[in-house]
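Data block below; observations after.
Values in this text are rule-based calculations from the coordinates and carry no lab data. A quick note: this is a predicted structure, and the numbers were derived from the prediction, not measured. Every residue, glycine among them, receives a Cβ derived from its backbone with ideal geometry; neighbour counts consider all protein chains shown.
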Amino acid sequence: MTTRNDRNSQSSRKKAQSSEKSWIPAILIVVAIAYVSLVLYIPALNVFIQAFSKGVGPFFANLTRPEFLHAVQLTVMLAAIALPLNTVFGLCAAWALTRHRFPGRAFVLSLIDLPFSISPVVAGLTIVLLYGRQGWFGGWLQEHGLNIIFAFPGMVLATAFVSMPFVAREVIPVLEELGSDQEEAAKTLGANDWQIFWRVTLPNIRWGLLYGLILTNARAMGEFGAVSVVSGNISGKTQSLPLFVEDAYKQYETEAAYSAAVLLALLAVVTLVLKEILERRTRIKDVE
Amino acid sequence: MLFLPIAAMFLKASTEGPVNFWRIATSSVALATYNVTFVTSILAALMNGLFGTLIAWVLVRYKFPFKRLIDASIDLPFALPTSVAGLTLATVYSNNGWIGSLLAPLGIKVSFTRLGVWVAMVFISLPFVVRTVQPVMQEMEREIEEAAWSLGANQWQTFVRVILPPLFPAILTGVALGFSRAVGEYGSTVIISSNTPFRDLIAPVLIFQRLEQYDYSGATVIGTVLLLISLVLLLLINFLQAWGRRYDD
C-alpha cells in the first residue's frame, strides 16, 4: 500500500512539474504562430480571397486582357534570358572562386552578394546612368539606333543584375565541401576539362545548382524595383507582371491587380514547395 | 555587369563637386527621407530580431502540428514578388481591411502612413533572423543547458547566461541583413506608403521620383549615399559572420 501511495504521489508530482513546464512552450508557440499569421498568412490568404471575391468568371475575364497577356509573356521572356545567363556566370564564378587562389579572392567573394545588398532602385539607376540618353554608352547607342532604357534590353539587364548571385552562392559551398580530388582523379584517367565538368562536377553539384536556379527564377520573375526604374512602365509594351500589379492598383483596378497577383503568388508557392523538396533530398543525402 | 554600372554612378556623382553633392545630399527633403528610411528600417529589423529568434526557437525545440509547413512558409517574403506583398498588405491593413478595420476604431491608421511602411519592412525582413539563428540553435548542445540547470540556475538565468551568448552574433547578423534589405526596399513600401515628403517618403522612392523628373544629378547623389551605406552594411555583416564563426571552434 505504502509503495503504491508513494508511486502515486511521485507520478502526480511529476505531472505537476511537467504541466508547469508545458505551458511555457505552448505560449511561445501561440505567440510565434500569431506573429507569423499577422505578418505572412493573413496577407497571403487575402491575395486569393480578393482575386476570387467576385467569383471565377471575372477572374478569368481579367486573365484574358491583352495588357495582362503581354505582361505574362514579357515576364516569362525576362526569366528565360536571365536564367541561362546567370547560370553560366554563376558556375564560372563559383569555379574560379573555389578552384583557384588569387589575390583579392576573399574580397570578390564578399562582393558577390552586392546585388542583394544594394537597393533595387539604385541598381536600376546605375543601369540608366550607363545606357541612358546621357549615359556613358548613350551617345554610341543612339547613333546606332539602339534603345536599352525604357525598352526590353534594359529590363533584361536589370533582371540579370538583381538575380545574379543566387547560383554562385548555392554552388560555392557545395564545390568547397567536395574538394577537387574526384576531378583530379578523372584528369589522371585521361578525361578532358569538358568531360570532367559534365561527368564529375555537374552530377555532384546538381542539387545546389537546381536550388540556385529556382531562386534565380523566382527573383527574375518577381523583380519590381530595378525593372520599374529602367522600363518606363509602358502598359502593353514594357510592363512585366509585377509592374502590371502595381499599375492596375494605382488605376483603381483592384480586381485586375489581384488576378495578376494570384499568378505571382502561385509562382511563390511553387518555388517554396520545390525548395522544400530539394532541401529534404539534400538532407537525406547528408545523413547517408 | 556589376562593377561598370557602380563605377559609372560614382563617377557621375564625383562630377557634381563636393559642395553641390553635400547640398543635394543634405537638402531638407533628403534628410527627412533618411530619417523615415533608416529609423523605420531599424525598428522593423529589431522587431524581427525579437520575434525571429522566438520563431526559430519554437521551430527548433518544440513539436506541434503543421510545424514543417510553417518552417517552409517562413521564406515566403523571399519568394513573393514585392509588388504583390505591397498590394495585399495595403489592403489587409487599410481602414476597411481585415486587420486595419480592427485597428481603425483605436485610431490607428496603418496603410498610407509611416506605420504601413514599417509593416511592409517587417514583412520583407522576417526570414533573415529566423534563417541565420536556426542553424546555430540546432547545433547547440543541450548538455550545457542541463549542466546549468543541475548547478542550480533557473530558466531565466539559463536563457540569458547560457543560451543567448552563442546566439547573439547570429541574431545581430540577421538583424543587419534585415535592416539592409529594409533600407533598400522599394516595391512593397511604395505601394503601402502615401509617399508624402516629410511623412512617409523613403529614400528609394525619392530616387525614383527624381529620375521621373529627369533630375539625374539629384537621383545620383541620393543613390550614392544609399550605395555607400549598403557597402558599409555589407562589411559589417561580413564582420559579424566572422565573429559568429569564432564559436564554431
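Relative to the current alpha-carbon distance between A:Glu177 and A:Gln134, full extension at 0.36 nm per residue lengthens the span by 10.8 nm. Magnitude of the charge dipole for the protein assembly as shown, about its Cα centre and with charges confined to Cβ atoms of Lys, Arg (+1) and Asp, Glu (-1), is about 1000 debye.
Spin-label model, A:Arg99/B:Lys67: points 7 Å from Cα along the beta carbon direction are separated by 4.2 nm. Only Cα pairs within less than 10 Å get springs; with that Gaussian network setup on chain A, which residue of A:Tyr131, A:Tyr35, A:Tyr258 has the largest fluctuation? Evaluated over chain A, the most mobile residue of the options is A:Tyr35.
When the charge dipole of chain A is built from unit charges on Cβ atoms (+1 for Lys and Arg, -1 for Asp and Glu) and taken about the Cα centre, the candidate among A:Leu267, A:Leu38, A:Gly190 whose Cα reaches farthest toward its positive end is A:Leu38.
Taking label points 7 Å from Cα along the Cα-to-Cβ direction, A:Leu38 and B:Ala153 give a separation of 3.0 nm. Peptides B:152-158, A:24-30 ranked from most to least packed by the mean count of surrounding Cβ atoms within 10 Å: A:24-30, B:152-158.
Net charge dipole, chain B: roughly 340 debye, given to the nearest 20, about the Cα centre with Cβ charges of +1 for Lys and Arg and -1 for Asp and Glu. Given the options B:Pro105, B:Pro81, B:Pro204, which has the most mean-square fluctuation in a GNM of chain B, springs set between C-alpha atoms less than 10 angstrom apart? Comparing B:Pro105, B:Pro81, B:Pro204 in the GNM, the peak value goes to B:Pro105. The calculated FRET efficiency for B:Val19 paired with B:Asn238, based on their beta-carbon distance and R0 = 22 Å, is about 0.05. For the protein assembly as shown, the spread of Cα positions along the three principal axes, ordered from largest to smallest, is 102, 75, 56 Å. Residues A:Phe102, B:Phe21 in ascending order of nearby Cβ atoms (within 10 Å, fewest first): A:Phe102, B:Phe21. Think of the protein assembly as shown as having a plus end and a minus end, set by charges on the Cβ of Lys, Arg, Asp and Glu; of B:Ala13, A:Ile118, A:Val245, A:Val245 sits farthest toward the positive end of this dipole.
Remark: spin-label model distance B:Thr26-B:Gln213 equals 2.1 nm, labels positioned 7 Å along the Cα→Cβ axis.
Our note on the geometry: Cα centres of the range A:98-131 and the range B:145-166, 42 Å apart. Between the range B:169-199 and the range B:33-64, how many Å separate their Cα centres? Rounded to whole Å, the Cα centres lie 12 Å apart.
Taking the square roots of five times each eigenvalue of the Cα gyration tensor of chain A, the equivalent ellipsoid has semi-axes of 44, 35, 17 Å, listed largest first. For the range A:56-287, a simple Cβ point-charge model (Lys and Arg +1, Asp and Glu -1, everything else neutral) yields a dipole of about 260 debye relative to the Cα centre. Among B:Leu151, B:Leu59, B:Leu201, the largest mean-square fluctuation in a Gaussian network model of chain B (Cα springs under 10 Å) belongs to B:Leu151.
Across all C-alpha atoms in the range A:179-288, the radius of gyration and Dmax reach 21.0, 67 Å. Sequence-distant contacts, meaning Cα pairs under 8 Å at least 6 residues apart, place the relative contact order of chain A at 27 percent.
Nearest 0.05, what FRET efficiency do B:Arg161 and A:Val88 give at R0 = 45 Å with Cβ-Cβ as r? Efficiency computed from Cβ-Cβ geometry: 0.35. P(r) tail, chain B: Cα-Cα pairs separated by more than 31 Å, 36% of all pairs. If you bin all the Cα-Cα distances of the range A:31-174 at 10 Å, starting from zero, the percentages per bin are 10, 22, 27, 26, 12, 3, 0.
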